[in-house]
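> Pasting a structure here, questions to come.
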Amino acid sequence: MSEAAHAHPGLHHQFDSYEQQRQSASLGMWAFLVNEVMFFGGMFLAYAYYRHRYGHEFAAGSHSLDISLGAFNTAVLIGSSLTMALAVRAAQMGRNKAIVAFLIATMVLGSVFLGVKVIEYSDKFEHHHVPGPSFVWHDEAGSGKYAGADPFKIQIYFSLYFAMTGFHALHMIVGIGIMLLMLRPAWKGKWNLDNHNFVEGFGLYWHFVDIVWIFLFPLLYLIGRS
Amino acid sequence: MSVHVSPLRVYVGVFLALMVLTAITVGVAFVDLGPLNNVVALGIAVTKATLVVLFFMHVAHSSRLIKLSVVSSIFWLFLLFVFILADDLTRGLLGVAGK
């Protein structure tokens with residue numbers, strides 16, 4: 001490897017070059033994300049399986065969700081992906097103050113998403129739409145369209161709704177926590193032109209969480225609306 | 001080798017495309033297309049995910065090893081779905097003697 005490659009201050013001793021180090025970090029992060037794809041994939045499969053069986057009940061449950069809150073949150077999360085991508089770009093260009101600014105913007109947008117999720121969840125608790133002994137189904141939203149729906153099968157929809165959005169929200173909470181820890185080193189200039197693997201790796205994670213929501217939104221909110 | 005830095009307009013362009021696609025998917029949900037509603041909703045979701053993977057996650061400019069990782073995740077997901085749903089969707093198609 002060239003002398004120039006060895007001159008990178010951010011180069012760890014086990015790597016031949018900074019490029020190799022960068023590739024390794026990126027591959028490691030992708031290996032983790034492939035695992036995450038399979039983790040969420042299991043729940044998406046359960047969703048497909050039960051929706052095929054209980055389409056009517058899934059539409060009934062879906063109608064009780066607020067489509068405008070879901071669409072708003074989708075826009076907020078896409079916006080947070082943009083600010084995250086710009087934070088990574090700032091790291092690639094060695095602009096430390098810009099990294100901090102874009103991380104804060106991403107955290108604010110992520111928090112807005114979670115805040116809306118709290119409103120949606122508390123609404124579900126108030127209407128007794130949480131699966132379990134206190135589950136009640138009155139078909140308020142469908143105005144009689146789903147009167148014959150089996151409450152037990154609607155609970156399967158809501159079980160999947162809470163499991164999938166819950167794990168998605170958990171990933172966002174973890175992400176916001178990691179961003180909090182990233183602020184100080186970013187401000188101190190730890191991530192510069194020679195050392196920005198961490199920011200790039202975290203960016204991959206945040207975009208993955210965005211992709212999960214891109215699928216969750218139509219599957220959970222937009223069933224049988226026509 | 002230096003890091004590929006995408007121009008700002010790429011990120012803003014992808015962001016705008018994602019927003020427009022979100023608006024389209026909400027709008028189409030209220031139009032009755034029969035079974036095609038699901039196809040359109042999933043098609044738009046896959047398009048949005050592809051944009052995020054290629055440009056926000058930089059896979060368009062990544063090494064072939066990274067591209068292989070992405071394809072492998074889709075492939076394993078495909079196996080998971082195809083084998084389970086091949087059972088689920090074909091149940092009862094053939095009569096079972098004595099049942």
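> Considering only the stretch B:22-29, I want to know if a residue exists there that is open to solvent by 20 Å² or more (accessible area, probe 1.4 Å), within 25 Å of A:Val34 (Cβ to Cβ), aliphatic (A, V, I, L, M) and assigned to a helix (DSSP H, G or I).
no
> Take B:Phe78 and decide whether it is within 21 Å of A:Phe208 (Cβ to Cβ), more than 7 Å from chain A (Cβ to nearest Cβ) and loosely packed, with under 13 Cβ neighbours inside 10 Å.
yes
> Could we say that A:Phe113 is at pLDDT 90 or above, of a type outside the set (Lys, Arg), open to solvent by 40 Å² or more (accessible area, probe 1.4 Å) and not in a loop (DSSP other than H, G, I, E, B) here?
In short, no.
> Sticking with this structure for a sec: Quick check: anything in the stretch A:195-204 more than 18 Å from the chain's Cα centre (by Cα) and either assigned to a loop (DSSP other than H, G, I, E, B) or of a type outside the set (S, T, N, Q) (or both)?
Within the stretch A:195-204, one or more residues are more than 18 Å from the chain's Cα centre (by Cα) and either assigned to a loop (DSSP other than H, G, I, E, B) or of a type outside the set (S, T, N, Q) (or both).
> Give just the number: which of (1) assigned to a helix (DSSP H, G or I); (2) open to solvent by less than 80 Å² (accessible area, probe 1.4 Å); (3) closer than 21 Å to A:Arg89 by Cβ does B:Arg9 not satisfy?
Result: B:Arg9 fails condition (2) only.
> Tally the residues that are within 9 Å of another protein chain (Cβ to nearest Cβ) and either touching a residue at least 12 places away in the same chain (Cβ under 8 Å) or more than 27 Å from B:His4 (Cα to Cα) (or both), restricting the search to the stretch B:47-75.
7
The values are calculated or read from the model by the stated rules, or taken from the named source; none is laboratory data. Keep in mind it's a predicted model, so treat the numbers as computed, not measured. Neighbour counts run over all protein chains shown; Cβ positions are idealised from the backbone, glycine included. For the accessible areas, the whole protein counts, side chains as well, though only heavy atoms, and no ligand, DNA or RNA atoms are used. Shrake-Rupley method; radii C 1.70, N 1.55, O 1.52, S 1.80 Å.
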